[in-house]
1. Taking B:THR62 as the residue in question, decide whether it is of a type in the set (Ser, Thr, Tyr), within 14 Å of chain A (Cβ to nearest Cβ) and more than 12 Å from DNA strand D (Cβ to nearest atom).
2. Modelled with pLDDT of 95 or more, part of a loop (DSSP other than H, G, I, E, B) and crowded, with 16+ Cβ neighbours inside 10 Å: is that true of A:VAL10 in this structure?
3. What number of residues within region B:136-164 satisfy the criterion of being more than 18 Å from A:GLN147 (Cβ to Cβ) and either more than 7 Å from chain A (Cβ to nearest Cβ) or under 20 Å from the mean Cα position of the chain (by Cα) (or both)?
4. Among the residues of region A:11-42, what is the count of those that are more than 8 Å from chain B (Cβ to nearest Cβ) and in contact (Cβ under 8 Å) with a residue 12 or more places away in the chain?
5. If you scan region A:53-107, which residues turn out to be among the hydroxyl-bearing types (Ser, Thr, Tyr) and outside any helix (DSSP H, G or I)?
6. Taking the options A:ILE133, A:ILE125, name whichever one is within 9 Å of chain B (Cβ to nearest Cβ) and farther than 30 Å from B:SER144 by Cβ.
7. Counting only residues that are touching a residue at least 40 places away in the same chain (Cβ under 8 Å) and more than 13 Å from chain B (Cβ to nearest Cβ), which one in region A:98-122 is surrounded by the most Cβ atoms within 10 Å (Cβ to Cβ)?
8. Considering only region B:43-52, how many residues are part of a helix (DSSP H, G or I) and in contact (Cβ under 8 Å) with a residue 60 or more places away in the chain?
Number of protein chains: 2
Amino acid sequence: MKSKDHVGRVMDQWARERPDLDVSPQGVIGRLHRIGMRLTEELVAEYAKFGLGEGEFDVLATLRRGGAPYRLTPTEIAERTMVSSGAVSKRVDRCERHGWVTREPSVTDGRGRVVVLTGAGKRLIDRAFTAHIANEHRLLEGLSRRQRDDLARLLEQWARQLGV
Amino acid sequence: MKSKDHVGRVMDQWARERPDLDVSPQGVIGRLHRIGMRLTEELVAEYAKFGLGEGEFDVLATLRRGGAPYRLTPTEIAERTMVSSGAVSKRVDRCERHGWVTREPSVTDGRGRVVVLTGAGKRLIDRAFTAHIANEHRLLEGLSRRQRDDLARLLEQWARQLGV
DNA sequence: GCACTTTACCTTCCATGGAAGGTTTCATGG
DNA sequence: CCATGAAACCTTCCATGGAAGGTAAAGTGC
């Protein structure tokens with residue numbers, strides 16, 4: 001009989017204290033939350049090795065995976081990274097300060113600006129992303145190939161249901 | 001042919017831009033992260049209906065599920081909620097200001113303090129937690145009973161591997 | 001072509017959490 | 001018993017993000 005994980009113990013406590021409630025959703029949501037916190041810690045530690053915070057990594061990776069010529073508007077970046085426009089402004093500020101991106105005026109819209117990845121920014125994110133993916137492989141080592149596929153499929157369906 | 005979710009599209013972009021990398025972990029980690037962000041938004045919105053922030057909810061729920069007499073030290077709260085001792089200090093400050101908890105000196109340890117749930121705090125968290133669980137049921141509606149069980153099992157194994 | 005509304009981006013203010021350090025108290029070895 | 005180190009909690013400082021509001025430029029209706 002293997003011992004419970006943290007969330008299993010929490011669920012037992014609630015079953016005792018609030019037997020009127022079916023807390024089974026915590027088996028999914030509680031664990032997802034807790035795993036997410038741990039994963040974030042681990043990923044952020046890897047970004048830090050390259051002098052990057054989570055926000056900066058997100059901006060550079062979003063620009064990079066968009067492909068040449070590596071240009072996106074702040075609004076596009078906000079939509080793709082699920083943060084507010086204000087957060088994008090500040091993230092781009094930090095990237096700009098380090099010389100990883102520049103801001104250029106839009107040619108088609110006088111209000112618009114375009115965020116452009118610099119050569120230095122591209123070289124940095126290419127190195128950091130390689131390490132990032134290796135790190136993600138490591139974090140998934142505890143699951144078999146089959147289990148990862150099952151998990152990805154279940155999460156994909158759920159993500160689609162939630163509209164994310 | 002169903003269309004891809006957001007993370008599926010991101011993975012396609014990386015496959016094109018960085019064909020040298022196996023980005024399959026993102027199928028799990030990227031989706032988990034994105035679902036986690038959405039879930040947090042939804043849960044926080046529910047807490048707010050009771051005048052609670054995420055931190056306060058966490059503190060009150062942790063005290064409540066510990067059972068009578070609803071007393072824990074700040075260190076215990078920090079361990080159970082995965083935040084720093086400084087964060088616990090501030091969370092307890094806010095709960096105390098609202099009269100949901102009190103701080104009492106420890107009888108056995110002159111350095112120690114004990115955080116105690118008040119009657120008002122217990123009544124509040126009991127109402128809020130009932131709504132919280134209903135909310136979690138709603139957020140899982142898109143998955144079948146069988147899928148939720150599979151998901152919970154996979155996440156439990158992964159959580160144990162990660163030590164969370 | 002002028003008012004009005006909308007859009008895009010940025011700035012300011014506030015809330016929150018982590019890191020590091022301070023204070024008080026406890027435990028331990030001599 | 002005292003000195004030293006450890007533990008518990010809190011406070012301060014800093015980083016970050018959201019919300020709300022400001023500014024500039026488009027779009028729209030007349």
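1. The answer is yes for B:THR62.
2. So A:VAL10 does not fit the description; no.
3. So the answer is 8.
4. The qualifying residues number 3.
5. Of everything in region A:53-107, those that are among the hydroxyl-bearing types (Ser, Thr, Tyr) and outside any helix (DSSP H, G or I) turn out to be A:TYR70, A:THR73, A:SER84, A:THR102, A:SER106.
6. A:ILE133
7. A:VAL101
8. Adding up the residues that qualify gives 3.
The values are calculated or read from the model by the stated rules, or taken from the named source; none is laboratory data. From a predicted model like this one, the values you see are computed outputs, not experimental measurements. So basically every Cβ, Gly included, is an ideal-geometry build from the backbone, and we count neighbours across all protein chains shown.
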